[in-house]
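The values are calculated or read from the model by the stated rules, or taken from the named source; none is laboratory data. Quantities reported herein were computed from a predicted structural model and do not represent experimental measurements. Neighbour counts run over all protein chains shown; Cβ positions are idealised from the backbone, glycine included. These area figures cover heavy atoms from the full protein model, side chains too; ligands, DNA and RNA do not enter into them. Shrake-Rupley method; radii C 1.70, N 1.55, O 1.52, S 1.80 Å.
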Amino acid sequence: MPIRLTVIGGGPGGYTAAFAAARAGMSVTLVESGNLGGTCLNNGCIPTKTLKASADALELALRLSQFGITGQGAPAVDPAAVLARKEKVCSTLRGGLEKACASLGVRLLKGRGRLVHAGLVEASIAEGPVSVEGDRVILATGSGALELPGLPVDHTHILTSDDALALDRVPASIAIVGGAGLYQPFGSKVTVVEGQNRLLPLPSVDADMSALLQREMKKRRIGCELGRTLKDVRVEGGMVRAMLGASPFIKEPTPAQMKETPIEAETVLVTVGRAPNTAGLGLAEAGVAVDGRGWIRADEHMRTSLPGVYAVGDALGPSRIMLAHVAAAEGLCAVRD
């Protein structure tokens, strides 16, 4: 009798594990509450790069005269067309994943999964609850956009990164908390607000790279407010108004950082980090250990504290590298254990 594997989460870690297990002869059930492809395909790498390709094309079109190319009419962005192209790209790739499930014999359940124990997962699908019995479980539930208490997201004026990838308009001005500049080529006035003293303040990014990025953003007329945070945020007259002040993460702020300065923008985009998608997963009841922030703990073989249950991808948190190809490699590791 083949090993029965249940995978909760259909992102790069989850579907890679499911496909590899099916090819190895296992009986595989994949439970996914949203679209296949996870953050990478739906709210991260693919849509971001697709939008960036449109921005790059517009920037090049505006410089065609430098290459000796002339013609009538000035190029301009069509937000609806850009969004439609992005959706088509993502839809095509999602369709490919669904076809792969069918061709490999992976049973796909579209609903939320909950771990009961190593041998049982309950899936809530449209037709009603389904009990999936098995021998092993891989948790690949990923992460979602982190929200800040002082910046209540309304999905209209104050946005998450997911919202930004679905905008059907180009905001006249945008303040980005956390750091990004995608909408500047489309014509937005962009200001980046970063709580640390450098852009991309990550252990894997050195200070020289941060300085280079800041210089490039300056060339593009993207404002950078480092060591600063927003407070007293409110929406008035269709604009987001706030005060820029010293960041609590800076031990010795400069006088310029401490000076409170008013700022307003049509849109505020919050891109400060990620939070685990583990709510309602039943981890505590099943006996799967997590850290203080809810990230699942796993060893180098992707084993959790509950025998027979593995975890891969973003659900393991920022102590590991939260990238699609890493999640895929972890999925393969879990299957081969």
| field | Relative contact order [Cα under 8 Å, 6+ residues apart], segment 115-229, whole percent | value | 16
| query | Taking the chain as a Gaussian network, where each spring joins two C-alpha atoms under 10 Å apart, which residue of Gly71, Gly37, Gly134 fluctuates the most? | reply | Gly71
| message | Modelling each spin label as a point 7 Å along the Cα-to-Cβ direction, I'd like the Met239/Leu200 distance in nm, to one decimal. | response | 3.3
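Hey, what's the Kirkwood Rh for segment 221-302 if you take every pair of different alpha carbons, in angstrom?
Values: mean 1/r = 0.0609 Å⁻¹.
The answer is 16.4 Å.
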| message | Between [x] 1.24; [y] 1.12; [z] 0.98, which entry matches Cα Rg over 2.2 N^0.38 Å as derived from the coordinates of this structure? | response | [y]
| field | Positive minus negative residues near Ala126 (Lys, Arg vs Asp, Glu; Cβ under 14 Å) | value | 0
| field | Hits among lysines - C-alpha to C-alpha of Lys231 under 19 Å, sequence gap 8 or more where chains match | value | Lys251, Lys259
| remark: Expected max-MSF residue from Leu202, Leu244, Leu281 in the GNM of the chain (alpha carbon, under 10 Å) is Leu202
| request: Would you mind getting the accessible area per residue of segment 33-166, heavy atoms of the protein chains only, 1.4 Å probe, in Å²? | output: 54
| message | Between Lys52 and Met1, what is the label-point separation in nm under the 7 Å Cα-to-beta-carbon projection? | response | 4.8
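Ratio of alpha-carbon Rg to the 2.2 N^0.38 Å globular estimate for segment 44-154, to two decimals, please.
1.69
Where does the longest stretch of the chain lie that holds no GluC sites (Glu not before Pro) found in a DSSP loop with 15 or fewer other Cβ atoms within 10 Å?
On the way: sites that count: Glu127, Glu147, Glu260, Glu300.
Longest site-free region, per DSSP loop and neighbour criteria: 1-126.
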| query | Where in segment 182-209 does the amide nitrogen come within less than 11 Å of the point 7 Å from the Cα of Glu59, taken along Cα to Cβ? | reply | 182-186
| Between segment 52-123 and segment 164-238, how many Å separate their Cα centres? | 23
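Roughly what % of Cα-Cα distances in segment 282-337 sit above 17 Å, to the whole percent? Walk me through the intermediate numbers first.
On the way: 478 of 1540 pairs.
Percent of Cα pairs beyond 17 Å in segment 282-337: 31.
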| request: DSSP loop (so not H, G, I, E, B), at most 12 other Cβ within 10 Å: list which trypsin sites (Lys or Arg not before Pro) in segment 276-318 pass both filters. | output: Arg293
| request: Report, ordered by chain and residue number, the lysines lying within cross-link reach of Lys86, taken as a straight Cα distance under 30 Å and ignoring same-chain residues fewer than 8 apart. | output: Lys49, Lys52, Lys99, Lys110, Lys189, Lys218, Lys219
| request: For segment 52-92, compute Rh as the Kirkwood radius over C-alpha pairs and then the Stokes-Einstein diffusion coefficient at 20 °C and 1.002 mPa s; write the answer in µm²/s, rounded to an integer. | output: 185
| So for segment 111-225, taking the charge dipole from beta-carbon charges (+1 Lys/Arg, -1 Asp/Glu), which of Val132, Cys224, Gly144 sits furthest toward the positive end? | Cys224
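What dipole magnitude, in Debye to the nearest 20, does the chain give about its Cα centre under +1 on Lys/Arg Cβ and -1 on Asp/Glu Cβ? List each step's numbers first, then the result.
Working: 35 positive and 33 negative charges, 126 e Å.
Dipole about the Cα centre, nearest 20: 600 debye.
What's the FRET efficiency of Glu147 with Asp168 using the Cβ-Cβ distance as r and R₀ = 22 Å, to the nearest 0.05? Walk me through the intermediate numbers first.
Values: r = 22 Å, r/R0 = 1.01.
About 0.50, to the nearest 0.05.
Counting only complete DSSP H runs, which helices of the chain cover 15 Å or more along their long axis at the Cα atoms and score a mean Kyte-Doolittle of 0.5 or above?
Working: long enough: 12-23 (16 Å, 0.24); 45-61 (24 Å, 0.41); 79-104 (38 Å, 0.20); 207-219 (18 Å, -0.66); 324-336 (18 Å, 0.93).
Answer set is 324-336.
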| query | GNM on the chain, C-alpha springs below 10 Å: top fluctuator among Leu323, Leu60, Leu36? | reply | Leu60
